[in-house]
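As structure tokens, the structure follows; a few thoughts come after it.
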Amino acid sequence: MSKAPENIGDNGPDFHVNSPSDLACFEETERWHDRDEFLAIADERLDAGTISITLVEDRRLAFVAWLAPATEKSTFGYVRQTVHFPPKTATEYGVYVHPEFRRRGLLRQGLEFMSVHAFAETDTDILLGAVHDDNHAALRGHIDAGFENIATLTEKRLFGTARSSVGVHATGFEFLRMPDSRDTWSLAKAAIR
């Protein structure tokens, strides 16, 4: 998913950037959540320069997402592939909306806020996000926020052999397989023909 810069104005919820007090409002709402682990990881991410975007409502963390400016590469574990990015690429990840605040447009609004922040406050030309292919709500939220589905990474296994591939959906980008690798790609802006 790729996002271009835009300005959305000041209407909407009061999102915050790098607010430890917001992060401290995290609740364990899923069986796999662990509050202490969340807060420890949040501290590590903030110390490493990753940016948090948060929204608190009713003293509960309603929305959280992470923005990593100047990302050189990401590994997508569920398809066992790595993608190297062009300079000035930022990535968003770890987006979560509290169950009691879903279906209110917070995902779209939070991603729009993140986009404006990334392009205005960091040295970002490309903002990328990854959505697991079975998370239809997240895919819809990204598209509603103005992201474009640029590619699908897949891994197929047949008789113990894995084959990695990229299905490119958008013009303006191309994925080039790295030399001597079956599962590493380089994302590039496509040459204008």
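The values are calculated or read from the model by the stated rules, or taken from the named source; none is laboratory data. Remember, it's a predicted structure, so these values are computed and weren't measured experimentally. Virtual Cβ from ideal backbone geometry, glycine too; neighbours counted across all protein chains shown. For accessibility, only protein heavy atoms count, side chains too; no ligands or nucleic acids. Shrake-Rupley method; radii C 1.70, N 1.55, O 1.52, S 1.80 Å.
The table that follows gives values for the structure above.
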| item | result |
| --- | --- |
| Residues of region 47-79 that turn out to be closer than 27 Å to Ser186 by Cα and of a type in the set (A, V, I, L, M), as a count | 7 |
| Selected residue (criterion: most open to solvent (accessible area, probe 1.4 Å)) from residues of region 99-129 that are over 15 Å from Pro69 (Cα atoms) and part of a loop (DSSP other than H, G, I, E, B) | Arg103 |
| Where Ser186 falls short, out of the listed (1) at pLDDT below 75; (2) assigned to a strand (DSSP E or B) | (1) |
| Which numbered condition Gly77 misses (of (1) touching a strand residue (DSSP E or B) at 6+ places or on another chain (Cβ under 7 Å); (2) closer than 30 Å to Arg177 by Cα) | (1) |
| One residue from Asp22, Asp43, Asp14 being open to solvent by 80 Å² or more (accessible area, probe 1.4 Å) and either of a type in the set (A, V, I, L, M) or at pLDDT 95 or above (or both) | Asp43 |
| Residue count, region 22-70 (criterion: in a loop (DSSP other than H, G, I, E, B), within 16 Å of His98 (Cβ to Cβ) and out of contact with any Phe, Trp or Tyr (no Cβ under 6 Å at 6 or more places or on another chain)) | 12 |
| Test: residue in region 141-156 that is farther than 17 Å from Ser74 by Cβ and at pLDDT below 75 | yes |
| Number of the exception - Gly77 against (1) at pLDDT below 90; (2) under 14 Å from the mean Cα position of the chain (by Cα); (3) of a type in the set (Gly, Ala, Ser) | (2) |
| Any hit, region 50-63, residues being out of contact with any Pro (no Cβ under 9 Å at 6 or more places or on another chain), under 23 Å from Pro13 (Cα atoms) and of a type in the set (S, T, N, Q) | yes |
